[in-house]
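The values are calculated or read from the model by the stated rules, or taken from the named source; none is laboratory data. Quick caveat, the model's predicted, so the values are computed rather than measured. Glycine gets a Cβ as well: all are built from the backbone with ideal geometry, and neighbour counts include every protein chain shown.
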Amino acid sequence: MKNGLRLIGLAGTNGSGKDTVGEVLSQKHGFWFISVTDLLRDECRKRGLPVERENLRAISAEWRRQLGLGVLVDKAMAAFNELPNKDSYVGVVMASFRNPAEADRLHELGGTVVWVDADPHVRYERVQANAASRGRAEEDTKTFEEFLAEQEAEMHPPEGADAAVLNMSAVRVRADIKLENNSNSLDIFTRDIETALGLA
């Protein structure tokens, strides 16, 4: 908590339901939800680059090297602090952490990190089914093998890589709460979210 504001950072595998957690907290519990990945997507478009995960990874690493490892958390909080109605929110929920320094930065601010996961086949089917409706057809149209390869690239940094690259396995270790989302029932997942976060 910072000044009574509840801060929650979401992390987890692709298609696990991170945005759903953010939407539940936003729509039902008075949180302001921001996707830091959307900040990276916007930067891709500004640079005229295809919105692909490889480009998002590259820009996020560049920002961390130039602006500090916790830059995405700081950018999210800066965006919140610019809101004219920020006092109407009980907290901020931000997704999606992919570098351990983001979890560390949120912990410095008194926040809670939540890791969301699900079976890979379940996640792949969700991503494929929702790609077009979420405006991510270009980004998410992959084979299952490509989907798993991208996950591996985001979970474990290559040997010799610096601290600015993605390392989701290190984020998972730092998570305060872990949620499994293998059901396709929004009601069940909502109940699990509220119970885990003490909002039930």
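Tabulated values for the structure
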item: Residue list for the range 41-58, restricted to those being of a type in the set (A, V, I, L, M, F, W, C) and either in contact with a strand residue (DSSP E or B) (Cβ under 8 Å, 6 or more places away or on another chain) or closer than 21 Å to Glu152 by Cα (or both); result: Val51, Leu56, Ala58
item: Residue ID - surrounded by the fewest Cβ atoms within 10 Å (Cβ to Cβ), chosen from residues in the range 12-70 that are free of Cβ contacts under 8 Å to residues at least 40 places away in the same chain and polar (S, T, N, Q); result: Gln66
item: Number of positions in the range 78-106 that are in contact (Cβ under 8 Å) with a residue 60 or more places away in the chain and either of a type in the set (Lys, Arg) or buried (at least 16 other Cβ atoms within 10 Å of the Cβ) (or both); result: 16
item: Top-ranked residue of the range 95-133 - restricted to ones that are of a type in the set (Ser, Thr, Tyr) and in contact with a helix residue (DSSP H, G or I) (Cβ under 7 Å, 6 or more places away or on another chain), ranked as farthest from Thr143 (Cα to Cα); result: Ser96
item: Subset of the range 52-82 (residues that are more than 26 Å from Phe31 (Cβ to Cβ) and in a loop (DSSP other than H, G, I, E, B)); result: Glu52
item: Evaluation of Ile34 against (1) in a loop (DSSP other than H, G, I, E, B); (2) under 20 Å from Val127 (Cα atoms); (3) among the aliphatic types (A, V, I, L, M); (4) out of contact with any Asp or Glu (no Cβ under 6 Å at 6 or more places or on another chain) (one fails), failing number; result: (1)
item: Single condition Glu154 does not satisfy, out of (1) surrounded by fewer than 18 Cβ atoms within 10 Å (Cβ to Cβ); (2) acidic (Asp, Glu); (3) in contact with a Leu (Cβ under 7 Å, 6 or more places away or on another chain); result: (1)
item: When residues of the range 165-197 are limited to those that are of a type in the set (Gly, Ala, Ser) and at pLDDT 95 or above, the one surrounded by the fewest Cβ atoms within 10 Å (Cβ to Cβ); result: Ser169
